[in-house]
Amino acid sequence: MSLHALAFLVLLGLTIQSQAELTPKTYYYEVKEANFTRLCKNKTILTVNGEFPGPTLYARRGETVIVNVKNVGDLGITIHWHGVKQPRYPWSDGPEFITQCPIKPGANFTQKVILSDEEGTLWWHAHSDWSRATVHGLIVIRPAFGRPYPFPKPYAEYPIVLAEWWRQDVEAVLLDFTRTGGDPNTSDALTINGQPGDLYPCSSAETTKFIVEQGKTYMLRMVNAAMNLFLFWGIGGHAFEVVGTDGSYTKPLKSHYGVIGPGQTMDVLFKADQPIGRYYIAARPYNSQPLISFDNTTTTAIFEYKGYKKTHSKPVFPHLPKVNDTSASVNFTNSLRSLASRAHPINVPMKITRNFVFTMSINTVPCANNSCEGPRGLRFRASVNNISFNSPNISVLDAYYGRIKGVYGDDFPKFPPLFFNFTGTNLSTSLETPLNATEAEVLEYGDNVELVYQGTNLVAGIDHPMHLHGHSFYVVGSGLGNFNRSKDRLSFNLVDPPLRQTVIVPKNGWTAIRFKANNPGVWLMHCHLERHISWGMEMVFITKNGIRPGESILPPPPDLPPCT
Ligand code: C2O
Ligand code: CU
């Protein structure tokens, strides 16, 4: 071989190698039905790749991952990467009729999961109809190559995916309560990594079991993927430390119990420092509204120490707060702080350019012959600032980008249209009726936003897990009762507020967040209780392009699912 040819081959080798490094990791997600036996009964559910929970995405900080989603089911579907900001690329975000139309049966959509400063645990889920009940999984984001965790590297890590299981088909549950106007049927079990655990019929043998070694520290990557339930959880006999939430590090928070709202994620360390034995990790509902029925069961998995000899004693069960203990929930949530270290600095917006107060209410609307199953024969709805969101039939992003008129309005109210004692008792039923509309709030690129979520006691006050797409936000304050602007702003934490994407707004209380509108696009904001989003508790932020290069929405992908 000539020297030339050799040099050529070496060069070729180099190019191939560097290309391999540059080519993003690709995952194939086939949305399809699969059979599972739970609670003594075989059932067909929608899955990704036949797995429940679905496959975990692994990445490092700052990487872009490609996911080729193929729909081989028989309903349209979309997939959302919850907590991934997707800078300048709302096209991959996923919520149906907001950033895309559903991927039709038989069709493909190649989505980009563009990570930036997220690090820790996030998750992905279907964002169409109620399919996310079974179509969901974790996103694990490790530190950038060669970078450390801000804590000693755990010996091993385990996923904890919390979810709800219905005996009935979930799409039927959705159809049913949409028809009757009442509450959805409650689930029949909660699950950890797809298994209900010991306390349910026909479930003992399959209970999820994790083997741990005495003296070692483990990391749990936890998500609450349940549709409609806040959860208290704990590990029998063990304390633990929360070190991250929603893909961002926190100061270590030591506790014996935790609360996790639908949509939230948590990175947890715990040391196997107890006598050799078996210990339950258990989760059960936190529910602040006694008027609603809910699935008040308990899911468990088992941590079994290496060297454990079979005995007849039951695994140790954790002490969990009472089901309606709002102060236990609030105390835990309010104790979280960002890490705010030199390696993981924070950047809380100080000069606020836009102020909003958004009320979240449960509403009622008239129903023919008062024949609905909501209160007084009415139909349930829900709203933000008294607007119940009407889903359009082409996506808001398509309409915004293509300047198509008549799909949405840009008049979303900045403040509640009417100020009343939001958290009072015996509120007049005349306040219950919302407007129906498809309205967006338009932000200038670079706006510093302060948004106060105000819960109301209309119909029935309850906690709301409020989620914003495309951004992380700092939770700067929270309290019970009505937000008082002149007084409550004085006690905001602007030093080390936690950075989140989903926050639990307490029942009949408020939560204030701040974020910078530096991600041009169309971004959904909604309650992550699935029944509330189904009733219209959602709205849309549109962030305009900036004027400098790198501040505009990127063009749409060629295979974006068409709306017509
Ligand atoms: Cu977890 Cu709009 O999503
Ligand atoms: Cu809600």
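The values are calculated or read from the model by the stated rules, or taken from the named source; none is laboratory data. What you are looking at is a predicted structure, and each value in this text was computed from that prediction instead of being measured. Backbone-built Cβ (ideal geometry, glycine too); neighbour counts: all protein chains shown. All accessible areas refer to the heavy atoms of the entire protein, side chains included, with ligands and DNA or RNA removed. Shrake-Rupley method; radii C 1.70, N 1.55, O 1.52, S 1.80 Å.
Summary table
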read-out: For residue 47, residues with placed amide H under 5 Å, excluding near neighbours; value: 32, 33, 34
read-out: Share of carbon and sulfur in the accessible heavy-atom surface of the chain [1.4 Å probe, %]; value: 54
read-out: Pairwise label distance in nanometres, residue 176 with residue 144, each label 7 Å out on the Cα-Cβ vector; value: 5.0
read-out: In nm, spacing of pseudo-spin labels at residue 167 and residue 425 (7 Å Cα→C-beta vector); value: 3.7
read-out: Under Karplus coefficients 6.51, -1.76 and 1.60, residue-wise ³J(HN,Hα) of segment 363-374 in Hz, glycine/proline x; value: 10, 9, 10, x, 9, 3, 6, 6, 9, 7, 9, x
read-out: Rounded to whole Å, sorted largest first: equivalent-ellipsoid semi-axes of the chain, Cα gyration tensor; value: 34, 32, 25
read-out: 1.4 Å probe accessible area per residue over the chain, in Å²; value: 41
read-out: 3J(HN,Hα) from dihedral phi, segment 475-484, Karplus parametrisation 6.51/-1.76/1.60, rounded to Hz, x for glycine, proline; value: 8, 8, x, 6, x, 9, x, 8, 5, 10
read-out: Estimated FRET transfer efficiency (residue 107, residue 293; beta-carbon r; R0 51 Å; 0.05); value: 0.85
read-out: Packing-based ranking, highest mean first, of 140-151, 28-39, 192-203, 112-123 given that Cβ atoms within 10 Å are counted; value: 112-123, 192-203, 28-39, 140-151
read-out: For residue 211, distant residues with modelled amide H under 5 Å away; value: 304
read-out: Simple label model, 7 Å out from Cα along Cβ direction - residue 239 to residue 256, nm; value: 1.0
read-out: Within segment 420-473, GluC sites (Glu not before Pro) in DSSP loop having at most 13 other beta-carbon neighbours inside 10 Å; value: 444
read-out: Unpaired by the 4.7 Å Cβ criterion, cysteines found in the chain; value: 527
read-out: Antiparallel DSSP beta bridges within the chain, percent to nearest 5; value: 70
read-out: Beta bridges per DSSP with both ends in segment 6-142, % antiparallel, nearest 5; value: 70
read-out: Contour minus Cα-Cα distance for residue 331 and residue 344 (0.36 nm per residue); value: 2.2 nm
read-out: Karplus-derived 3J(HN,Hα), 6.51/-1.76/1.60, for each residue of segment 299-316, Hz, glycine and proline x; value: 9, 9, 9, 10, 9, 10, 6, 4, x, 5, 9, 3, 10, 9, 6, 6, x, 6
